Amino acid sequence: MNNAIANRYEFLYLFDCENGNPNGDPDAGNAPRIDPEDMHGLVSDVALKRRIRNYVQIARGNQMPYAIFIEHATNLNRPIVRAHEEQQTGVKATDKNASKDKVELARRWMCENFYDVRTFGAVMSTGPNAGQVRGPVQISFARSLDPILPLDTAPSPARITPGGKPSSRKTSCAPWAARRSSPTGCTWPRASSVRSWPKIPALARMTWSCSGRRC
């Protein structure tokens, strides 16, 4: 493991996305990230690393030495405390000032047992100190091959329900609903995509639904 990568390599990571949002921007209402100069779609390096982490976690069952350190909604200090316990450094969860030798022992244990630590690196000094690791794998922003057009569409139903207020669409909807086996209600066409990442030109796919079922 000490000399797992002896040379420098460059690789290309390809993935496809159509009528979806591969990486929402939290500063823009979770809209797809775009380059405003050429309208190409962007995906951050953090999002790409998360996909790699998720794959390894599923493929390897999140078991050491392929466990994932940075998981969703988890306390990062717990594995750091365990690293000190496994190495018998005597550092407790509340200790902040561990010696360099103890920090090195904990850092080495983290690298040996967590895939993302030894791959992407990590800052492990949030609680009991386990040092920092600069990973050998660095990923940049991804860019779409074609310009994209973010769409923000929402359903616009006009339903007819028993005892409800009369609708102007009742006349045109009634003959169609009468031909159904269970004409208990009617819903007008609605767009099925929300904040998508389609290619240009793009049209929202339209679907009909009746009583909660696609007709």
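Which condition from (1) part of a loop (DSSP other than H, G, I, E, B); (2) touching a residue at least 24 places away in the same chain (Cβ under 8 Å); (3) farther than 12 Å from residue 144 by Cα is the one that residue 37 breaks?
(2)
For segment 76-92, what are the residues that are open to solvent by less than 30 Å² (accessible area, probe 1.4 Å), at pLDDT below 90 and not polar (S, T, N, Q)?
Across segment 76-92, the qualifying residue is only 91.
I'd like to know if segment 46-68 contains one or more residues that are open to solvent by 60 Å² or more (accessible area, probe 1.4 Å), over 27 Å from the mean Cα position of the chain (by Cα) and over 30 Å from residue 150 (Cα atoms).
Looking through segment 46-68, none of the residues is open to solvent by 60 Å² or more (accessible area, probe 1.4 Å), over 27 Å from the mean Cα position of the chain (by Cα) and over 30 Å from residue 150 (Cα atoms).
The values are calculated or read from the model by the stated rules, or taken from the named source; none is laboratory data. Since the structure is predicted, the reported quantities are computational estimates derived from the model, not experimental observations. Quick reminder, even Gly has a Cβ in these numbers, built from the backbone with ideal geometry, and neighbours come from all protein chains shown. Accessible surface areas use protein heavy atoms only, side chains included; no ligands, DNA or RNA. Shrake-Rupley method; radii C 1.70, N 1.55, O 1.52, S 1.80 Å.
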